[in-house]
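> Have a look at this one.
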Amino acid sequence: MDRRIRGAALACALLAAGWATGGCGAEPPADSRSAEPSPSASSTPLPGGASDAQEGAQAAVEVAYRKWGVKPLAAPPAPPAAKPITLPAADGRVPVISEIPTEEKIVFLTFDDGAEKDPEFVSMMRELKIPFTMFLTDSVIRADYGYFKKLQALGDGVQNHTLTHPNLPTLGAAAQKEEICGQQSKLKDRYGTTPRLFRPPYGNWNESTRAAAASCGIEAIILWRESMQIKNMQYQRGDRKLHPGDIVLAHFRGPSELKGTTLTQMTVNLLRHIQEQGFTVAPLEDYL
């Protein structure tokens, strides 16, 4: 059978199964993003019929993009052989990072806090295979640690955003250390890995924060260049554009904080901004 016919048949089967309805339904087993190419991956025929599976996987992701009302993002480049930022830093200090040095048209998505736990968001990120990094606060995730384990199973990184989300520069050195080290322990216990990256609440930090982070095993403080609101991006630069390597901030927020907009609707708006400016998304942890 012609491969195009098989790809079309798979797409129709997926549509019939409800992929294009926007419903949540039963969740399929978690999988790795690397198992399926993104929509712009090459469809060059491979020996032994391998391209049939590749075309089928590509068709499935394209159906998912149509379901969520987003134009497909380009495939991210392969991870660099040498990371542009080496951690830990040679001088022993914890660097403060807002963007990654690269000429590729890629940005890095980060989601903070963890208050909203929308199951549709898990489905969305599984289907679209968008990589992102979570900076989690224990006081808001403790009601459902398992929700973020589902996202971690998709390959998304779990990083540190303090125990209780305080404005750290208002605290003494010991209290800052407790907020950061305490969350290191919580996240290691719940998710099996010790975070390397830390984001201070509100982006506020001082030298006591940097020292506390270092003492807790943190290798970098991660800030951002753009933040996603409900429909629009908030830019730090005057040209109001994305730049290669920018780190983008979003939050796990729902209708009560987004004026009726859901987490998935906000994410659709975010992805449209990225796609319209000719960028795609890469995993932050691949670059530092």
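The values are calculated or read from the model by the stated rules, or taken from the named source; none is laboratory data. Everything numeric here is computed off the predicted structure, so don't read it as measured data. Here Cβ is always computed from backbone atoms with ideal geometry, including for glycine, and neighbour counts include all displayed protein chains. Accessible surface areas use protein heavy atoms only, side chains included; no ligands, DNA or RNA. Shrake-Rupley method; radii C 1.70, N 1.55, O 1.52, S 1.80 Å.
> Which pairs, out of K150/K241; K105/K259; K150/K231; K71/K105; K67/K231; K83/K186, put more than 22 Å between their alpha-carbon atoms? Intermediate results must be reported in sequence, preceding the final value.
Details: K150/K241 32 Å; K105/K259 32 Å; K150/K231 26 Å; K71/K105 17 Å; K67/K231 19 Å; K83/K186 28 Å.
The answer is K150/K241; K105/K259; K150/K231; K83/K186.
> Among the trypsin sites (Lys or Arg not before Pro) within the stretch 181-239, which fall in a DSSP loop and have no more than 10 other Cβ atoms within 10 Å of their own Cβ?
On the way: sites: K186, K188, R190, R196, R210, R225, K231, R237; in loops: R196, R225, K231, R237.
Answer in residue order: no site qualifies.
> Among all the aspartates and glutamates, which ones have a C-alpha under 13 Å from K188's C-alpha, if same-chain residues fewer than 8 places away are not counted?
Straight-line reach from K188, under 13 Å: D138.
> Still on this structure: Where the accessible area of the stretch 74-186 is counted over protein heavy atoms with a 1.4 Å probe, how much of it, in %, is carbon and sulfur? Before the final figure, lay out each step's value.
Details: 2470 of 4520 Å².
For the stretch 74-186, the apolar C and S fraction of the accessible surface comes to 55 percent.
> A further question on this structure: The stretch 82-140: which trypsin sites (Lys or Arg not before Pro) are DSSP loop and have at most 14 other beta-carbon atoms within 10 angstrom? Provide the component values of the computation, followed by the final result.
Numbers: sites: R93, K105, K117, R126, K129; in loops: R93, K105, K117, K129.
When the trypsin sites (Lys or Arg not before Pro) of the stretch 82-140 are filtered for loop state and at most 14 Cβ neighbours within 10 Å, R93 remain.
> Enter the accessible area per residue of the stretch 82-158 (Å², integer; probe 1.4 Å; all protein chains in place).
Numbers: 2890 Å² over 77 residues.
Per residue, the stretch 82-158 has an accessible area of 38 Å².
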